[in-house]
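The values are calculated or read from the model by the stated rules, or taken from the named source; none is laboratory data. Just so you know, these numbers come straight off a predicted model, no measurement behind them. Cβ: placed from backbone, ideal geometry, glycine included. Neighbour counts: every protein chain shown. For the accessible areas, the whole protein counts, side chains as well, though only heavy atoms, and no ligand, DNA or RNA atoms are used. Shrake-Rupley method; radii C 1.70, N 1.55, O 1.52, S 1.80 Å.
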Amino acid sequence: INMPVPATTGKLRTKIEDMQIGDYYAVKYKALTSGQLGIFSDFGADLATAQANEIPVAGSATPNGYLYLVKVAKGLLVSSTVIQHSISWNTLNAIGVIQGTPCVLSSITDAVPTMTSNSTPSGIARSDSIWSSGCDPWKAFSDSIDFNGQYTTSGWVSGTVTSGTLSTDACWISYEFSTPKEIKAITLVQLGYIGVWYRCKDFSVQYSDNGTTWQTVYRGIASPNYQKQLYTFNSVGAKKFWRFVIYSHHHTGTNAALGIAQLELLEQVPNIGQGIIRSLTGGVAYADANGNKSTTDQGYGGWPTNNEWDKYIVNFPQELIQPGKTLDDVFHYNKVYTFTQDTSFLGNIYRTCRGNNNNVKSFLPNTDATLINYNRGFRPVFEYIE
């Protein structure tokens with residue numbers, strides 16, 4: 001069963017900045033290997049034209065489709081379902097989506113056309129070198145991220161390798177526009193192959209009028225996660241040549257190559273840009289009737305009582321639910337437990353799960369962080385500054 005539209009009184013929005021509490025927003029998620037986190041893309045999709053199904057209401061071990069994010073508070077969107085089960089809490093935490101990892105939240109308009117070679121349809125993609133055939137610079141500008149469930153499998157890879165930090169601008173990828181463009185930001189998707197091999201760390205963005213003399217407009221540190229990241233900088237006017245220079249990668253200990261899966265050059269900075277993906281808090285113990293901590297289930301949810309599951313899911317405003325529908329028609333909590341951020345009172349190996357069992361207040365304190373099970377999974381939260 002595919003996921004129905006959340007039964008709120010709100011509207012489907014294509015821009016986060018237009019959303020009110022109760023509105024919902026579509027995002028694509030693809031994870032083709034069980035037990036491995038996928039990639040989020042196509043933010044604010046128009047589902048009338050989108051070429052993919054919705055993710056099932058009970059999630060999937062290998063989801064590939066659209067999910068809905070419901071606005072529950074200022075700057076906070078929560079998925080209307082668990083999107084992926086059969087993945088452990090530890091795996092999710094290692095990639096950053098329990099506590100939070102950067103991700104671009106809005107659809108982006110790229111100034112570079114979708115490249116099919118280093119010189120078509122227009123402009124020229126170049127790099128200092130390539131690792132091998134098929135690792136050409138145009139692959140980073142192809143607007144396609146091939147992802148097999150464990151890592152991105154295409155992009156540009158330089159022939160330059162290092163086990164430390166490059167002191168010169170020896171490793172780079174560039175794009176020459178047909179006419180000068182005023183670039184104000186970039187997005188980056190890491191080439192996530194074999195752990196953190198190839199994932200760039202220290203980088204700069206540079207511009208040039210002639211392709212020979214370069215000036216740095218931005219210097220930064222990229223996150224190792226493979227969700228799309230946004231970096232903005234002050235305008236330097238329209239320039240014909242732009243390049244991305246890499247000085248180090250997140251892999252340590254041995255030589256590894258440097259590269260990226262996708263690079264976008266943006267003329268306009270989105271109103272709602274960088275945010276984080278994370279999980280809800282759910283409490284560390286049971287709550288009693290007075291909102292105090294308890295070690296036994298008394299049917300009042302989690303403690304502390306201001307945990308996000310109780311605050312935003314259990315107490316979602318009844319007036320924002322369509323007549324004749326229930327809270328489960330909004331958040332589909334009956335089908336599978338939701339992993340939360342919290343370590344249970346039972347000990348450091350246990351994590352709190354919420355929902356399932358036809359009870360939105362259900363509190364499960366004894367999920368091992370290494371457990372992989374079809375009835376426990378990841379419900380993403382997107383947090384941004386509003």
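Kindly evaluate G301 against the criterion of being more than 19 Å from I83 (Cβ to Cβ) and in contact (Cβ under 8 Å) with a residue 24 or more places away in the chain. Considered against the rule, which asks whether it is more than 19 Å from I83 (Cβ to Cβ) and in contact (Cβ under 8 Å) with a residue 24 or more places away in the chain, G301 comes out as yes. Taking the conditions (1) open to solvent by 40 Å² or more (accessible area, probe 1.4 Å); (2) touching a residue at least 12 places away in the same chain (Cβ under 8 Å); (3) over 15 Å from V72 (Cα atoms); (4) of a type in the set (V, I, T) in turn, I385 satisfies each one other than (3). The C-beta contact set for segment 60-76 (first residue within 18 Å of V330 (Cα to Cα) and modelled with pLDDT of 95 or more, second residue open to solvent by 10 Å² or more (accessible area, probe 1.4 Å) and among the small types (G, A, S), distance under 8 angstrom, 6+ apart or interchain) comprises V70/G10; K71/G10.
Just one of (1) open to solvent by 70 Å² or more (accessible area, probe 1.4 Å); (2) aliphatic (A, V, I, L, M); (3) in a strand (DSSP E or B) fails for L346. It is (3). Criterion first (open to solvent by less than 20 Å² (accessible area, probe 1.4 Å), acidic (D, E) and assigned to a helix (DSSP H, G or I)) does D329 satisfy it? Taking the combined requirement at face value, the residue does not satisfy it.
Out of I349, I372, I385, one residue alone is at pLDDT below 95, over 18 Å from G302 (Cα atoms) and β-branched (V, I, T). It is I385.
Within segment 352-365, restricting attention to residues that are in a strand (DSSP E or B) and in contact with a Lys or Arg (Cβ under 9 Å, 6 or more places away or on another chain), the residue that is surrounded by the most Cβ atoms within 10 Å (Cβ to Cβ) is R354.
Filtered by the rule that a residue be among the hydrophobic types (A, V, I, L, M, F, W, C) and either open to solvent by 10 Å² or more (accessible area, probe 1.4 Å) or more than 28 Å from the chain's Cα centre (by Cα) (or both), segment 266-304 gives V269, I272, I276, V284, A285, A287, A289, W303. Scanning segment 318-375 for residues that are among the basic types (K, R) and either in contact with a helix residue (DSSP H, G or I) (Cβ under 9 Å, 6 or more places away or on another chain) or within 18 Å of L67 (Cβ to Cβ) (or both) turns up K335, R351, R354, K361. Residues that are without any contact (Cβ under 8 Å) to a residue 24 or more places away in the chain, open to solvent by 50 Å² or more (accessible area, probe 1.4 Å), under 20 Å from T160 (Cα atoms) and not acidic (D, E): does segment 192-202 have at least one? For segment 192-202, residues without any contact (Cβ under 8 Å) to a residue 24 or more places away in the chain, open to solvent by 50 Å² or more (accessible area, probe 1.4 Å), under 20 Å from T160 (Cα atoms) and not acidic (D, E): absent. What is the one condition in (1) in a strand (DSSP E or B); (2) of a type outside the set (S, T, N, Q); (3) open to solvent by 20 Å² or more (accessible area, probe 1.4 Å) that F339 does not satisfy? The number of the failed condition is (3). Counting the residues of segment 366-379 that are buried (at least 21 other Cβ atoms within 10 Å of the Cβ), in contact with a Lys or Arg (Cβ under 6 Å, 6 or more places away or on another chain) and of a type in the set (G, A, S) gives 0.
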